[in-house]
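Only one structure is covered here, and it is reproduced in the block below.
The values are calculated or read from the model by the stated rules, or taken from the named source; none is laboratory data. Quantities reported herein were computed from a predicted structural model and do not represent experimental measurements. No Cβ is skipped: glycine too gets one built from the backbone with ideal geometry, and neighbour counts run over all protein chains shown. Side chains are part of the model used for accessible areas, which takes the heavy atoms of the whole protein and leaves out ligands, DNA and RNA. Shrake-Rupley method; radii C 1.70, N 1.55, O 1.52, S 1.80 Å.
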Amino acid sequence: MKARKIVDEMDSYVPGRSQGEIAEEFGLNKDEIIKLGSNENPWGPSPKAMEAIRHEIKSINRYPESQLKELVHEMAQYSGVEDNQVIVGGDGADEIIDVLAKTFIDEGDEFIVPLPSYMYYEYLLQQYGARPVYAKWDLDKNELDVDSIFDSITPKTKMIFLCSPNNPTGTLINKETLSDIASKNPEILIVIDEAYFEYSEVTNKDLINEFDNIFIIRTMSKVLGLAGMRIGYGLACEQIIEYMHRIKPVFSLTRLSFVAALNTFRDKDYIKESIEKGIESREYLYEELSKIDSLNVFPSKSNFMLIGIKDTGFTAAELARELMKKGIIVRDCTSFKGLDEYWIRISICTLEEDKKFIEIIKEVLN
């Protein structure tokens, strides 16, 4: 049986490796492996979310909520927008991107992604016959090359993806730049990925009231500690949200995900503590890693940071493997378009795990 032409031509998305895989390959204790490769919240979910799941589990024989009005209201309150400006996705932010594509992409359309950035945009939109056009991040200046965005626009451009903070560089895009791009291209949907906005303490959510061509992607997988529950959401003007609801699967959010999300948003102390701990871990890692002369550590406004390792004598694959042997998982960034084989990305952990990682990477590099 032959697959569709676009499926046959696509490359598979390359995720980070799991603790189980590493433990089996190197004969390690899975529970002692330190995972710095997937940009997760290492402190676990909200206790209120866990209690809600325990209570709800007896009802998983019933279909989940369909309208999600209660959760939408909590998300709107958290985000500072109106309820009709929110859409919820049940496969993390990935479902939100997928519904965007189903709603707005026609075969032959183009979309712009500045490289390096989150490659799942490309993976999802190509399935619907859209063609990626690459702009760029200026790695020397650690900022978006704005001219490359404008130079990439053609009459076929339907979307521009701008991740802020950007994955994997950790860079923010200033609001004036986003406004400029949106105002000069009213027929193009400007998709701002704010998956990590809490760590930067910066949001562009006010722009959805200024522009009807701005869409903001968010997730509950980072600060909010629900990566395993797969919950994403989007913010935009009412018309965009209404269009997307025509396409979105009705029951994409499970009952357990629903109650976990609802009670996480209501746990204000947990959210505040998650942000504070995340920033503390990030700043500690940046300070300690910057002391190692052979590393080029990018300052970050997210829960991860990009590190150039060309002066270490290792490639990313080699260094990642040496660290894995010692129970440390980092992200080899060779698969990120726009980066060569001399970049890794690490994400925050507990301070105890951070300190162990610093000891081990010094040992490996020396």
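Here Lys268 meets the list (1) among the charged types (D, E, K, R); (2) in contact with a strand residue (DSSP E or B) (Cβ under 9 Å, 6 or more places away or on another chain); (3) without any contact (Cβ under 8 Å) to a residue 40 or more places away in the chain almost entirely, failing just condition (2). Checking the stated criteria, Ile217 turns out to be touching a Gly at 6+ places or on another chain (Cβ under 7 Å), outside any loop (DSSP other than H, G, I, E, B) and under 30 Å from Asp8 (Cβ atoms).
Of all the residues in region 336-352, those that are more than 16 Å from Asn167 (Cα to Cα), open to solvent by 30 Å² or more (accessible area, probe 1.4 Å) and either in contact with a Ser or Thr (Cβ under 9 Å, 6 or more places away or on another chain) or in a loop (DSSP other than H, G, I, E, B) (or both) number 4.
When Lys301 is tested against the conditions (1) open to solvent by 20 Å² or more (accessible area, probe 1.4 Å); (2) more than 26 Å from Ser12 (Cα to Cα); (3) over 16 Å from the mean Cα position of the chain (by Cα), the lone failure is (3).
Residue-level check: of (1) more than 22 Å from Ile208 (Cβ to Cβ); (2) crowded, with 22+ Cβ neighbours inside 10 Å, Gly108 misses just (2). If you check Leu285 against the conditions, is it modelled with pLDDT of 95 or more and either assigned to a loop (DSSP other than H, G, I, E, B) or out of contact with any strand residue (DSSP E or B) (no Cβ under 8 Å at 6 or more places or on another chain) (or both)? So Leu285 does not fit the description; no.
Being modelled with pLDDT under 95 and open to solvent by 20 Å² or more (accessible area, probe 1.4 Å) holds for only one residue in Lys272, Lys248, Lys291, and it is Lys248. None of Val81, Val133 is surrounded by 15 or more Cβ atoms within 10 Å (Cβ to Cβ), of a type in the set (Val, Ile, Thr) and assigned to a strand (DSSP E or B) except Val133.
Residues are listed down the side, and each one gets a yes or a no for (1) more than 23 Å from Leu256 (Cβ to Cβ); (2) in a helix (DSSP H, G or I):
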| residue | (1), (2) |
| --- | --- |
| Glu40 | no, no |
| Pro45 | no, no |
| Met50 | no, yes |
| Glu56 | no, yes |
| Pro64 | no, no |
| Ile96 | no, yes |
| Asp106 | yes, no |
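What tally of residues in region 84-94 results from selecting those that are assigned to a helix (DSSP H, G or I) and open to solvent by less than 40 Å² (accessible area, probe 1.4 Å)? Result for region 84-94: 4. Does at least one position in region 53-62 carry a residue that is aliphatic (A, V, I, L, M), farther than 30 Å from Lys355 by Cβ and surrounded by 15 or more Cβ atoms within 10 Å (Cβ to Cβ)? Yes, region 53-62 has at least one match.
Each row is one residue, and each column tells you yes or no for (1) over 20 Å from Asn142 (Cα atoms); (2) touching a Pro at 6+ places or on another chain (Cβ under 8 Å); (3) open to solvent by less than 60 Å² (accessible area, probe 1.4 Å); (4) of a type outside the set (Asp, Glu).
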position: Phe258; (1), (2), (3), (4): yes, yes, yes, yes
position: Lys268; (1), (2), (3), (4): yes, no, no, yes
position: Glu283; (1), (2), (3), (4): no, no, no, no
position: Cys333; (1), (2), (3), (4): no, yes, yes, yes
position: Ile361; (1), (2), (3), (4): yes, no, yes, yes
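None of Tyr284, Tyr270, Tyr233 is under 19 Å from the mean Cα position of the chain (by Cα) and aromatic (Phe, Trp, Tyr) except Tyr233. Just the residues that are in contact with a Leu (Cβ under 8 Å, 6 or more places away or on another chain) and either assigned to a loop (DSSP other than H, G, I, E, B) or among the aliphatic types (A, V, I, L, M) (or both), please, taken from region 320-335. Once the filter is applied, which keeps residues that are in contact with a Leu (Cβ under 8 Å, 6 or more places away or on another chain) and either assigned to a loop (DSSP other than H, G, I, E, B) or among the aliphatic types (A, V, I, L, M) (or both), region 320-335 yields Gly327, Ile328, Ile329, Val330. The residues listed here are Leu28, Leu71, Leu36; of these, the one that is within 30 Å of Ile279 (Cα to Cα), open to solvent by 20 Å² or more (accessible area, probe 1.4 Å) and touching a residue at least 24 places away in the same chain (Cβ under 8 Å) is Leu28. Those helices (runs of 4 or more DSSP H) of region 138-207 in which 2 or more residues are in contact (Cβ under 8 Å) with a residue 60 or more places away in the chain and buried (at least 19 other Cβ atoms within 10 Å of the Cβ) occupy 197-200.
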